[in-house]
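First the structure, in the form of C-alpha cells, and then the observations on it.
The values are calculated or read from the model by the stated rules, or taken from the named source; none is laboratory data. Given the structure is predicted, the values throughout are model-derived calculations rather than measurements. Reconstructed Cβ throughout: ideal geometry from the backbone, glycine too, with neighbour counts over all protein chains shown. Ligands, DNA and RNA are stripped out before the accessible areas are found, and what is left, the full protein with its side chains, is counted by its heavy atoms. Shrake-Rupley method; radii C 1.70, N 1.55, O 1.52, S 1.80 Å.
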Amino acid sequence: MPTPFATAIANSPLHSGGFIALDLQGNVYLSSGDGPNPRISKLSPSGQLLAQFIGFSGDSGVQGVAVDSQGNVYGADQGANDVVKFSAAGKVLSTIGASQIGEPGGLAVDSHDVLYVADEAGAAVEVFSPSGKLTQTIRGTFGKTRGLAVGTLGQLYVVDHERGRVLTLDPSGKQLASWGEGVNGITLSYPIEISLDNLGDIFVTDPGDNALQKLSSDGKLLAKWPARDKYHPISVAALPDGRTFTTEDADDGKSARVVERSPAGSELAVWR
C-alpha cells in the first residue's frame with residue numbers, strides 16, 4: 001500500500017473524541033470533541049482551515065456534527081444538552097432540543113433536512129423538524145445510542161455502542177434488522193459512528209476492535225481496515241463515491257488525526 005501523504009493543519013482543530021461530517025462540496029467539518037473551547041471547524045477537501053463555528057454554551061465539548069442541504073451546520077452541545085444550529089456563514093440560528101434531549105451524541109440530517117439526534121442518556125433517537133420542533137421520539141432495545149445515519153428510503157441506522165451492534169429501523173421506528181453480535185460474521189466490540197455512501201454501503205467505526213468496518217446494505221461484512229500507529233477510529237463520514245474520512249485518536253489521548261481512504265480502503269492522506 002502506498003504511503004499516504006501527511007498534511008499539517010495550521011492552528012489544528014483536531015482534538016480527541018471529535019466527530020466529522022461532510023457537505024455536498026466535500027468540505028470537512030470537525031467537532032472539538034473532548035477539547036477545550038467548544039467549536040466546529042470547517043476544512044477544505046485538501047485540509048485547509050476555512051472557518052470555525054463558535055457559540056456553544058456548554059463546557060463538555062461538541063460531539064456529533066451534521067450539515068444540511070442548505071449548508072447549515074449542527075453541533076451536539078453535551079454540556080448544554082441541546083443542538084446548536086449555525087448558518088453556512090457561522091451565525092447561530094437557534095438551539096434545538098433544550099430540555100428534550102438527555103445527552104446529545106451523534107447527529108444525522110435526511111434529504112428533507114429533518115434532524116435526528118442520538119439521546120445517549122435516554123437511550124432514544126429524537127427527531128426534529130427543519131424548524132426545530134420535536135416531532136418523534138424513537139425508542140427500542142437500545143443499550144446506548146450513538147452514531148446515526150439515514151438512508152435514501154428513510155431507513156434509520158442506529159449505532160448501539162453499549163451492546164455492540166447496528167440497528168436498522170423504518171421511518172416509524174420499527175426495527176428491520178440488527179447487525180453485530182456475530183450476525184453475518186459481524187462482531188462489533190464498541191462501535192461509535194456510522195456513515196453511508198451512494199451505493200448503500202455502511203461504514204462503522206469500532207475503536208474496541210481498532211478498525212473501520214465496511215458492511216453491505218444487507219448487513220454483510222465487506223472489509224475491515226485496522227487503524228495503525230497506535231491510533232483508533234472514532235468518527236467516519238463517507239462521500240457518495242465511497243471515499244471515507246475518519247477521525248482517529250492516539251492511544252495516549254494526546255493527539256488526533258483525520259485519515260482519508262479510498263473506497264477499497266487504501267490510505268490517501270493523513271491530516272494532523
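Summary table
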item: Segment 222-242: number of residues that are of a type in the set (Ser, Thr, Tyr) and farther than 20 Å from residue 66 by Cα; result: 1
item: Long-range neighbours under 8 Å by Cβ, at least six apart or interchain, first residue closer than 24 Å to residue 66 by Cα within segment 183-199, second open to solvent by 40 Å² or more (accessible area, probe 1.4 Å) and among the polar types (S, T, N, Q); result: 199/217
item: Complete set of residues in segment 232-269 that are open to solvent by less than 10 Å² (accessible area, probe 1.4 Å), touching a Gly at 6+ places or on another chain (Cβ under 9 Å) and not in a strand (DSSP E or B); result: none
item: Residue, farthest from residue 271 (Cα to Cα), within segment 222-231, restricted to residues that are among the basic types (Lys, Arg) and not in a strand (DSSP E or B); result: 230
item: Residues of segment 77-95 satisfying the condition of being more than 25 Å from residue 196 (Cα to Cα), of a type in the set (A, V, I, L, M) and either touching a residue at least 12 places away in the same chain (Cβ under 8 Å) or assigned to a strand (DSSP E or B) (or both); result: 80, 92, 93
item: Among the candidates 90, 58, residue that is open to solvent by less than 30 Å² (accessible area, probe 1.4 Å), over 19 Å from the mean Cα position of the chain (by Cα) and farther than 27 Å from residue 238 by Cβ; result: 58
item: Yes/no for residue 212 being modelled with pLDDT under 95, open to solvent by less than 20 Å² (accessible area, probe 1.4 Å), touching a Phe, Trp or Tyr at 6+ places or on another chain (Cβ under 9 Å) and among the aliphatic types (A, V, I, L, M); result: no
item: Considering residues of segment 90-117 that are touching an Asp or Glu at 6+ places or on another chain (Cβ under 7 Å) and of a type in the set (D, E, K, R) only, the residue nearest to residue 56 (Cα to Cα); result: 103
item: Filtered residues of segment 201-221 (kept if touching an Asp or Glu at 6+ places or on another chain (Cβ under 9 Å), outside any loop (DSSP other than H, G, I, E, B) and either more than 19 Å from residue 64 (Cβ to Cβ) or hydroxyl-bearing (Ser, Thr, Tyr) (or both)); result: 205, 213, 214, 215
item: Segment 66-75 - residue that is open to solvent by 10 Å² or more (accessible area, probe 1.4 Å) and in contact with a Leu (Cβ under 9 Å, 6 or more places away or on another chain) and, of those, nearest to residue 246 (Cα to Cα); result: 67
item: Residue 221 being surrounded by fewer than 23 Cβ atoms within 10 Å (Cβ to Cβ) and either modelled with pLDDT of 95 or more or at negative phi (or both); result: yes
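Residue-by-condition table, conditions (1) in a strand (DSSP E or B); (2) under 22 Å from residue 254 (Cα atoms); (3) at pLDDT 90 or above; (4) open to solvent by 20 Å² or more (accessible area, probe 1.4 Å):
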site	(1), (2), (3), (4)
6	yes, yes, no, yes
13	no, yes, no, no
18	no, yes, no, no
24	no, no, no, yes
51	yes, no, yes, yes
64	yes, yes, yes, no
